[in-house]
Amino acid sequence: MHLDEKKIGETIRRLRIRKKLPLEDVAARASLSPITVRALELGRGSTLSTMLKVLKAIDETDFILDWAGKSTEISPIQMLRDSRKQAAEPKRVSRRPAKG
């Protein structure tokens, strides 16, 4: 299962704009830089911690609960952990010559 950071970021941006909250205000409420919030909204490799801080700052923590409910059997947190683990694990190559 693929975690679509861009789609999540776009949704968070729409929620922020719907509430008429400037990005800078949300960043200040979340104790983050505006650049970090913008990166989240653009789907550029933000952390789960950043996402939760921004959702709290815009008073939309239900978003994560709704999103988790739409997920199949794996929680969003587990999906993020799995994707990071796969990216960090080096691929091993056998040194043995192929038989045959």
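Please treat every number below as a calculation from the coordinates, not as lab data. Treat the numbers as computed from the prediction; the structure is a model and nothing was measured. For neighbour counting, all protein chains shown are included, and Cβ atoms are generated from backbone atoms with ideal geometry for every residue, glycine included.
Just give me the residues in region 1-35 being over 21 Å from M79 (Cβ atoms) and hydroxyl-bearing (S, T, Y), in sequence order.
Scanning region 1-35 gives S31, S33.
Go through region 13-47 and give me each residue that's loosely packed, with under 15 Cβ neighbours inside 10 Å and in contact with a Leu (Cβ under 6 Å, 6 or more places away or on another chain).
Within region 13-47, just P34 meets the criteria.
Tell me which residues, restricted to region 17-67, are among the polar types (S, T, N, Q) and in a helix (DSSP H, G or I).
Result: T36, S49, T50.
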